[in-house]
1. Would you confirm whether or not the stretch 169-181 contains a residue that is within 21 Å of the chain's Cα centre (by Cα) and either of a type in the set (Gly, Ala, Ser) or open to solvent by 30 Å² or more (accessible area, probe 1.4 Å) (or both)?
2. Restricting the search to the stretch 130-155, which residues are more than 16 Å from the ligand (Cβ to nearest atom) and of a type in the set (Asp, Glu)?
3. Could you please tell me which pairs satisfy a Cβ distance under 7 Å, a separation of 6+ or placement on different chains, a first residue in the stretch 202-224 that is under 18 Å from residue 125 (Cβ atoms) and without any contact (Cβ under 8 Å) to a residue 60 or more places away in the chain, and a second residue that is part of a loop (DSSP other than H, G, I, E, B) and open to solvent by 10 Å² or more (accessible area, probe 1.4 Å)?
4. Take the residues of the stretch 1-21 that are more than 16 Å from the ligand (Cβ to nearest atom) and open to solvent by 60 Å² or more (accessible area, probe 1.4 Å): which is farthest from residue 78 (Cα to Cα)?
5. Sort out which residues of the stretch 22-42 are outside any strand (DSSP E or B), in contact with a strand residue (DSSP E or B) (Cβ under 8 Å, 6 or more places away or on another chain) and either open to solvent by less than 10 Å² (accessible area, probe 1.4 Å) or closer than 21 Å to residue 72 by Cα (or both), and write them in order of number.
6. What number of residues within the stretch 25-42 satisfy the criterion of being more than 11 Å from the ligand (Cβ to nearest atom) and touching a helix residue (DSSP H, G or I) at 6+ places or on another chain (Cβ under 8 Å)?
7. Right, residue 327: open to solvent by less than 30 Å² (accessible area, probe 1.4 Å), outside the structural domain of residue 122 (by TED's automatic domain parsing) and in a helix (DSSP H, G or I) or not?
Amino acid sequence: MKRLAILGSTGSIGRQTLDIVRAYPDDFEVFALSAWSNRDLLLEQAREFRPRYLYCQEQPSADELPDGTEAIGGIVEIATHPDVDLVMQGMVGNAGLLPTLEALRAGKQVAMANKEPVVMAGALLTREAARCGGEILPVDSEPSAIWQCLQGEDVEKGVRRLIITASGGALRRLPLEEVAKVTPEQALKHPTWSMGKKITIDSATLMNKGFEVIESHWLFSMPWERVDVVVHPQSIIHSMVEFMDGSVKAQLGVPDMRLPIQYAMFYPQRLPCEQAPRFDPIAAAALTFEEMDPARYPCFVTALEAGHAGGTYPTVLSASDEVAIDAFLGGRINFGDIHGVVTATLDRHESTADPSLEEVLAADAWARETAREIVER
Ligand SMILES: NC(=O)c1ccc[n+]([C@@H]2O[C@H](COP(=O)([O-])OP(=O)(O)OC[C@H]3O[C@@H](n4cnc5c(N)ncnc54)[C@H](OP(=O)(O)O)[C@@H]3O)[C@@H](O)[C@H]2O)c1
């Protein structure tokens, strides 16, 4: 039985992880749960799963907790607890960096949905994982697809390129002149996936796809020029790998995050995932591909530039994007301004090469403050 720590248990990834635990109660023990603002749901989850520990921003009092559950001092304590076998990292944003880093330093397996820490500090995380025996298991559907395609392959010598697929997000068909003024409600209507708000907006700007290129660069040690992106509106092919002989492997399935979540939880075993609908090729009918239009998705272009530039630029990219999305969802800026806030913050930044943890955290704090000033103006 694996003892699980679920970070971000009240979110979309966290709730779907608990669905898998419900289906396989003899394989997993929910050892600890963490959330942020959704205390009621966290307590409901605690009553159902009886974790040893939980954590949220406003900690519950002892009489609110079910028997056998204690509030613990912080998320890092959960992620590094000696009794934890697998950390499901379902937090959103750069706040996930420290728990991820410390879990890897403690030699844990971290099932990683929370892509922002890999974007902001990919070199640091992969270096520390290798040094301390920690392991990052991809959960994000595109890196998971690549990981699945690479099983049994010679990654160093056999792979020509990775091909990441993109649905194109909620606004793919909207006339370009209307995109800048869409409302949060419009941008939150993802055509194929049901996810948390931040990643849904990142999917509409396609910042998310830039993040996945950066994520794949680090997780699979793949040079930038060998990671391509193609628009695939049906979200059935989750990504592909082209090999040296010209063969291409693709991983297909219905767009349901329980599949990659469960794959990481049982890796390398495959078991039935009864909750997800089965793939029907006849119903899927056509699988189509289109070239990415950079004019429609300037955030994607900026993300790649920041990734290639390296240093603390990717940290600033991710932090300023969080601030800009928060401002957009709060009605303080337009959708079209998200890109402007991110680029204006990046333009003011003086990057540090090969940053330490302290330098990454300093760049993150600087970027948040700078992006907020830009939003205010
Ligand atoms: N959802 C998907 O299908 C999907 C697919 C691929 C990748 N991902 C990635 O997975 C991550 C989670 O996405 P999601 O859609 O599940 O997000 P979500 O629904 O917004 O959930 C985020 C979780 O993180 C917690 N959280 C928020 N801010 C926090 C903070 N400052 N400190 C600690 N915990 C905090 C939230 O707690 P409260 O709810 O209590 O506030 C919630 O439990 C993201 O990085 C996303 O890019 C998601």
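The values are calculated or read from the model by the stated rules, or taken from the named source; none is laboratory data. Remember, it's a predicted structure, so these values are computed and weren't measured experimentally. FYI the Cβ positions are ideal-geometry reconstructions off the backbone, even for glycines, and counts take in every protein chain you see. What goes into the accessible areas is simple: the full protein's heavy atoms, side chains included, and nothing from ligands, DNA or RNA. Shrake-Rupley method; radii C 1.70, N 1.55, O 1.52, S 1.80 Å.
1. yes
2. Keep residues of the stretch 130-155 that are more than 16 Å from the ligand (Cβ to nearest atom), which gives 130-135, 149-155.
Listed by number, the residues that qualify are 135, 153, 154.
3. Cβ pairs passing all conditions: none.
4. If we filter the stretch 1-21 for residues that are more than 16 Å from the ligand (Cβ to nearest atom), which is where we start, we get 1-3.
The next check asks that each one be open to solvent by 60 Å² or more (accessible area, probe 1.4 Å); those that pass are 1, 3.
On the way: 1: 18, 3: 12 Å.
Per the stated criteria, the residue is 1.
5. So in the stretch 22-42, the residues outside any strand (DSSP E or B) come out as 22-27, 35-42.
From the residues that got through so far, the ones that are in contact with a strand residue (DSSP E or B) (Cβ under 8 Å, 6 or more places away or on another chain) too are 27, 35, 42.
Within the stretch 22-42, 35, 42 qualify.
6. Filtering the stretch 25-42 down to residues more than 11 Å from the ligand (Cβ to nearest atom) leaves 25-32.
Right, trim to touching a helix residue (DSSP H, G or I) at 6+ places or on another chain (Cβ under 8 Å) and you get 27-28, 30, 32.
The total comes to 4.
7. On the way: open to solvent by less than 30 Å² (accessible area, probe 1.4 Å): yes; outside the structural domain of residue 122 (by TED's automatic domain parsing): yes; in a helix (DSSP H, G or I): yes.
Judged against the criteria, residue 327 is a match.
This table checks each residue for (1) modelled with pLDDT of 95 or more; (2) within 14 Å of the ligand (Cβ to nearest atom); (3) under 29 Å from residue 281 (Cα atoms); (4) surrounded by fewer than 23 Cβ atoms within 10 Å (Cβ to Cβ).
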site: 208; (1), (2), (3), (4): yes, yes, yes, no
site: 211; (1), (2), (3), (4): yes, yes, no, no
site: 214; (1), (2), (3), (4): yes, yes, no, no
site: 220; (1), (2), (3), (4): yes, no, no, yes
site: 224; (1), (2), (3), (4): yes, no, no, yes
site: 227; (1), (2), (3), (4): yes, no, yes, yes
site: 241; (1), (2), (3), (4): yes, no, yes, no
